[in-house]
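Input: a single structure, listed below in structure tokens.
The values are calculated or read from the model by the stated rules, or taken from the named source; none is laboratory data. Quantities reported herein were computed from a predicted structural model and do not represent experimental measurements. Please note: Cβ atoms are built from the backbone with ideal geometry, for glycine as well, and neighbour counts cover all protein chains shown. Keep in mind that these areas ignore ligands, DNA and RNA; they rest on the heavy atoms of the full protein, side chains included. Shrake-Rupley method; radii C 1.70, N 1.55, O 1.52, S 1.80 Å.
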Amino acid sequence: MPGFRLARYSRTPAFLFMRINIASKLFLGFLAIVFLNMFYMVVVLRFTDLKAIAHILKKQDWTQQGFLRISSLHDSRRRSHVIYDRIRKEESVQNFDETSEAIGVLLDSMVLQLDSVLVLDSAIAPPEGPHVGIRVLANMVKDDVMGYNRQYASAFADLIEASSERSSVLRKRKMSMLNKTIGMADSGFTASLNTAKSMVDTQTKLRIREIESRIDNSKQVTMVILIGVSLFAAAFALVFSSAITKRLRKLRDSASYIGRGDFYFDPSGYAKDEIGDLASAFFDMAINLKKSQEELVRSKRLAAIGEIVASVNHEINNPLMIISGNAQFLEMSAQEFPDEIKDRIRTIQTEAERISEVTRKLREIKNPVAEDYTSSGEQMINLDKSSRES
């Protein structure tokens, strides 16, 4: 049927994809989905880094608590200075030294914490990110807070030394100058400490806003990627299933045509995959069925002709032998007959031999060859060609 011819696919990228076998298509689709999931994980981790930020917040909270502890120790040290300045109590000196040492240890630990925060923050934030403030804070602690702390401790040590002066005038003058220096160091230390605490508060708020922003971005990216994965999976399934079912429907139609006896089947429109192999198998089956049908028809025709020939030989040869024998008898007894009668007797013998030759050719038919007999389309078997061709 002309309408049954399968249309060839155009050589588009989709067609080239469909020429891959089915197992490879499924594997490539699976790899694509895995790649999208990996992309999702990378993007989400890049947007969140919440674990690192939470670790930074812990360090900043420890730093804030450290500043509060230093402020408390400094108040205790300040009281020791006042007590010593007023009543020269030796225990105040020991308490001052122990407090100063504890403040120094805490400041060293805080510098290490701030440096570690800076390293973590630099790894997850852009160059202009929050770690810029951390660097300023770390430098301020190293320069201002620790500088004023050393100045305060050094001035107090000088104050203790000046208190041992024998000259009361010189002692009062030195102690007055040193108390001013201690006051200035105290004010600078307190101001820089308060500034540092304020900067930590600011950094903490920045971290919290950053976490909120990253969570919002993560939600958006998650939704976009999940929607993308879903759309890709749906599109892949739709394209793949429609391509497969379309060719399977064509195979179904081909099978129905073959079932009705139309063995025309063109497998060239199928891709070179499992369905293409199945279409080729259908084509081979159709060819074999057509050959088998032709052989069956030929066998039936030969069997029918054989039956007819046997009937013709039986029904014609017996009367023909009688006719031929009587004609021969008349020919032997026809010396006194007129020539016209003798000619008729010979004609009977000739036609009888002709009929005998026809029955012989009927017995020798191997492959019937039909030819047009009349202009109306009626056909007859050519005995000469049918007995020669196989």
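Which three semi-axes in whole Å describe the equivalent ellipsoid of segment 189-257, each the square root of 5 times a Cα gyration tensor eigenvalue, listed largest first?
Whole-Å semi-axes of the equivalent ellipsoid: 65, 6, 4.
Given a 1.4 Å probe and the protein chains all in place, what does the accessible area of Ser100 round to, in Å² to the nearest 10?
20 Å²
What is the distance in Å between the Cα centroid of segment 276-326 and that of segment 174-217?
Computed from Cα coordinates, the inter-centre distance equals 113 Å.
With the cut-off at 1.5 for a/c, could you classify segment 70-177 from its C-alpha gyration tensor as rounded, prolate or oblate?
Cα axes put segment 70-177 in the prolate bin.
Straight-line reach only, C-alpha to C-alpha below 25 angstrom: list the lysines that Lys300 could link to, leaving out same-chain residues fewer than 8 apart.
Straight-distance partners of Lys300: Lys290, Lys291, Lys361, Lys366, Lys385.
At a 1.4 Å probe radius, which order do Val224, Val141 fall into by accessible area, largest first?
Val224, Val141
Can you list the GluC sites (Glu not before Pro) in segment 283-363 that are in a DSSP coil and have 14 or fewer other beta carbons within 10 angstrom?
Glu336
Determine ³J(HN,Hα), in whole Hz, for all residues of segment 220-229 in sequence, where each value follows from phi through the Karplus function 6.51 cos²θ - 1.76 cosθ + 1.60 and θ = phi - 60°; x replaces Gly and Pro.
Taking θ as phi minus 60°, the curve returns 5, 5, 4, 5, 4, 5, 4, 5, x, 4 Hz for segment 220-229.
Can you compute the modelled spin-label distance between Ile83 and Ala255, with each label point 7 Å from Cα toward Cβ, in nm?
In this crude label model, Ile83 to Ala255 measures out at 10.2 nm.
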